[in-house]
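To keep things clear, I will list the structure first and then write my remarks on it.
The values are calculated or read from the model by the stated rules, or taken from the named source; none is laboratory data. Since this is a predicted model, take the numbers as computed values, not measurements. FYI the Cβ positions are ideal-geometry reconstructions off the backbone, even for glycines, and counts take in every protein chain you see. The protein model used for the area step is the full one, side chains on, heavy atoms only, and it has no ligands, DNA or RNA in it. Shrake-Rupley method; radii C 1.70, N 1.55, O 1.52, S 1.80 Å.
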Amino acid sequence: MNRTTIARGVASAILGTALIAAAIPALSQSPGEASRGGPRYSQMSEADRAQMRERMQAHMNQRLDRLAARLEIKASQQAAWETYRKARASVFDNRPQRPARDADAATLAKFRADMAQRRAEHLVTMADATAKLQQVLEPQQRKVLDEIARQSGARGKRGAHGSAQRRGGGQHHGFGYGGRA
């Protein structure tokens, strides 16, 4: 064995030990705390949920501002852009009241079905708004939008919903931009 091989072995052992030591505190937390650094959404107070929605809206607005800059939206395209932007923001509108923590199985199933239907309706709205925006974009702008739409599928590789990585990515919330816009 030469020194390089020994050095690599020692470095690997040290790295492995450090990773295990770093993982132990995360493994000792409950699943909700370990996954996001805090309590699960269902365990949050309504005030905390409202604050979280505000942060999500602000983050979405920042991403949309970056997208508009990257697309170089012109004055003649502004109406289609605003329609698109409103469609994106509509995901936060009229959210149904979450059932109580002790709700029965049927109530939970109905709530989940309503949320799935609401999500499907939102996706149709987004598809229509995207098509209208795409119609007014110039060819180079369309290429940028297409590239961003393709990249948004890679968001799952950051760990969204755990197994998205194993499924080869997967789109989570439409055009995620993932900070690339």
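A few notes on this one:
- Charge tally for Ala87 (other residues, Cβ to Cβ under 10 Å; Lys, Arg +1; Asp, Glu -1): +2.
- Extension gain for Ala58-Asp93 works out to 11.2 nm (0.36 nm per residue, less the C-alpha to C-alpha distance).
- Accessible surface, per residue, of the stretch 60-152 when the full set of protein chains is kept, probe 1.4 Å, Å²: 62 Å²
- Peptides ranked, highest mean first, by Cβ atoms within 10 Å: ranges 43-51, 93-101, 60-68: 60-68, 43-51, 93-101
- Using the Cβ of Pro96 as centre and a radius below 12 Å, the other residues enclosed give a net charge of +4, where K and R count +1 and D and E count -1.
- Dipole moment magnitude, nearest 20 debye, the stretch 49-108 about Cα centre, only Lys, Arg, Asp, Glu C-beta charged: 180 debye
- With the highest mean first, a sort of the peptides 106-114, 75-83 on other beta-carbon atoms found within 10 angstrom per residue produces 75-83, 106-114.
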